[in-house]
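A.B. asks: Pasting in a structure now, in structure tokens, and then I'll have a few things to ask.
The values are calculated or read from the model by the stated rules, or taken from the named source; none is laboratory data. As the structure is a computational prediction, the values presented were derived from the model and not from experiment. We place every Cβ from the backbone using ideal geometry, glycine too, and count neighbours over all the protein chains shown.
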Amino acid sequence: MFIGLFCILVRLGFWQLSRGHERQQLEQAYYTRQQQTVGFNQLIQNKDPKTLTGSKTKVQLNITQTPLIFLDNQSVKGKVGYLVYQLMQVSPKQPWLLVELGFITAYADRNRLPKIQKINKQEVFLGRVYHTSKNPFSHKLLPEKGNPLRIQNLNYQQLSQLLGHQVFDFALQPQRVIYSADGRQLLKPWRPITMSSTKNFGYAAQWFAMATVLVVIGLFTVIRRRKVGISKKK
């Protein structure tokens, strides 16, 4: 039993170490991407959307006749609300692009959604892109049809199916400031890395420490049993 538990703890420690090194590489790549502006056409040639997060780009976008999208159950600075997106067009033959207008707190009455001023003309945007990974516990779009459209998760594939038009599997957070109808400025939260590599290394240290404690307990138990056995023989 001790050996089996010890092996599990050590394996968990090495797994967290591996995750830490992976995240460390992602962090280094992310900070590198932050330092340069990439053309949008060059950006979309990247086949792995996960490696786009943090890239700065400049792109001209046109409006589409689609409702605003409210991503539900978001939290910023202890307040619960929505991340609001507007679908915009790069060119008629390309997928639509999700442009993040920002975060706004929700009303107590869920039947009311804040009114946001949509971008109403063609503009050139400078901003940074990001890809939202799937939540392993809940990743379905779960849309509440209407105008605006409220969704529970940012599932690019299911959103494309719902709209009947392909959507890029990343979003753009522009530098442009957006306001609600009542004059509130929408916040621009930025959480590109959900957990830093230092936390993974910290968890690894904890698992290895627990394995060490287990070894000490095991040795203490063995030594104690031997002493008891010797005293009985006497």
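A.B. asks: Can you tell me which residues in the range 1-50 are touching a strand residue (DSSP E or B) at 6+ places or on another chain (Cβ under 6 Å) and at pLDDT below 80?
C.D. replies: From the range 1-50, those touching a strand residue (DSSP E or B) at 6+ places or on another chain (Cβ under 6 Å) are 37-38, 40, 43, 49; that's our starting set.
Residue satisfying the conditions is 49 alone.
A.B. asks: A further question on this structure: Can you tell me how many residues in the range 41-80 are at positive phi and assigned to a strand (DSSP E or B)? Working first, answer last.
C.D. replies: Narrowing the range 41-80 to residues at positive phi: 54, 73, 77-78.
Adding the requirement that they be assigned to a strand (DSSP E or B) leaves 73.
Result for the range 41-80: 1.
A.B. asks: Among what's in the range 168-196 and is in contact with a Leu (Cβ under 8 Å, 6 or more places away or on another chain) and among the polar types (S, T, N, Q), pick the residue that is nearest to residue 11 (Cα to Cα).
C.D. replies: 175
A.B. asks: Being assigned to a helix (DSSP H, G or I) and either of a type in the set (Gly, Ala, Ser) or in contact with a His (Cβ under 6 Å, 6 or more places away or on another chain) (or both) is the filter here, so list the residues in the range 26-40 that pass it.
C.D. replies: Selection gives 29 alone.
A.B. asks: Kindly list the number of the only condition in (1) of a type in the set (Ser, Thr, Tyr); (2) free of Cβ contacts under 8 Å to residues at least 12 places away in the same chain; (3) surrounded by 17 or more Cβ atoms within 10 Å (Cβ to Cβ) that fails for residue 18.
C.D. replies: Just one mismatch for residue 18, condition (3).
A.B. asks: Every residue in the range 30-76 that is of a type in the set (Gly, Ala, Ser) and surrounded by 13 or more Cβ atoms within 10 Å (Cβ to Cβ), please.
C.D. replies: Scanning the range 30-76 gives 54, 55.
A.B. asks: Follow-up question, since we're still on this one. Might you check whether a residue that is in contact (Cβ under 8 Å) with a residue 60 or more places away in the chain, of a type in the set (Lys, Arg) and surrounded by fewer than 13 Cβ atoms within 10 Å (Cβ to Cβ) occurs anywhere in the range 79-91?
C.D. replies: no
A.B. asks: A follow-up question, please. Evaluate the following for residue 98: is it in contact with a strand residue (DSSP E or B) (Cβ under 8 Å, 6 or more places away or on another chain), surrounded by 19 or more Cβ atoms within 10 Å (Cβ to Cβ) and within 23 Å of residue 52 (Cα to Cα)?
C.D. replies: Details: in contact with a strand residue (DSSP E or B) (Cβ under 8 Å, 6 or more places away or on another chain): yes; surrounded by 19 or more Cβ atoms within 10 Å (Cβ to Cβ): yes; within 23 Å of residue 52 (Cα to Cα): yes.
Yes, satisfied.
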